[in-house]
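Report on the structure given below.
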Amino acid sequence: MLDKFMQAKAGELKALRELKAGGGTLEEYQGPRPGFREAVAGPGPAIIAEYKRSSPSRGVINEELSPQKAVQEFMSGGAAAFSVLTEEEYFGGRIEYLEEFAGHGVPVLRKDFIFDYLQVEQTAATPASALLLIARVVKDLGLLSDLIRVSRIHNLEPVVEIFAPRELDMVRQAGADIIMVNNRDLDRLTVDLDMSRNLVPQKKPQEVWICASGIDNSAQVDELYGLGFDAFLIGTSIMSCDQPGEKLKELFP
């Protein structure tokens, strides 16, 4: 599945390269970018509410909830930040959704399969505060280091996702300080919360850690917050509810 996700970005990258080759530019967004790390670092567990219309593991989740309504629901539920899927083929996202979620004083994370400098520039042209880099996608240490550096040059905070214990040393060497543990295996799409339980004891004091995938109740949030996680990225369990804001409130211990 991971290969398919990356292949799905080919058309978007081709268009970005053609724009660049033709002398075109993506004008960098000049407005405010609320601090992502500051918003999710506490005190208390922070919830990052994710706008995800569909997924390969669940199919259609919720295509009726508009970005405007989702913002209202997520804010009423106490979300510290928004995560917005912008991958189109498998997750029903659009990069334009970032604009819809911005402007409310809440930082927005662009969640996609990013592995090229042009995608960083593309993100910098939006009001997003942060972008996701996945260690299983950007396997080269030099490239990951450069993407982190270039993101920061553009005033974007890089959130770096790991799945396997061996990836932790690499992302630290690359300069990551906001680390997200994905409990979902992106190849098999299976979920195991033990991935987070086993990795979080290695957290360092200066790092912010986010737990993602498989969280759907306050007992899990309470347990994993107690183990050291600062924030929890939650999508499917809130997007599949009629009242996402009420579900969000229930997730706080």
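Each value in this text was obtained by applying a stated rule to the coordinates, not by laboratory testing. The structure displayed is predicted, hence computed values, not measured ones. Cβ atoms come from the backbone with ideal geometry, glycine included; neighbour counts cover every protein chain shown.
Values computed for the structure shown
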| item | result |
| --- | --- |
| The chain: relative contact order in percent, alpha carbon pairs under 8 Å with at least 6 residues between | 22 |
| Cys241, Cys211 arranged by Cβ crowding within 10 Å, fewest neighbours leading | Cys241, Cys211 |
| Value of [θ]222 nm, deg cm²/dmol, for the chain, DSSP H segments ≥ 4, -39500 (n - 2.57) each, nearest 500 | -10000 deg cm²/dmol |
| Above-threshold pairs, the threshold being 25 Å between Cα atoms, out of Lys69/Lys111; Lys9/Lys52; Lys52/Lys249; Lys139/Lys204; Lys139/Lys203; Lys4/Lys247 | Lys4/Lys247 |
| Centroid-to-centroid separation of region 191-253 and region 89-156 [C-alpha atoms, Å] | 21 |
| Extension gain, Ala8 back to Lys204 (0.36 nm per residue minus Cα-Cα distance, nm) | 67.0 nm |
| Ranked Met239, Met6, criterion: other C-beta atoms within 10 Å, fewest first | Met6, Met239 |
| Shape call, region 160-223: gyration tensor on alpha carbons, a/c limit 1.5 | oblate |
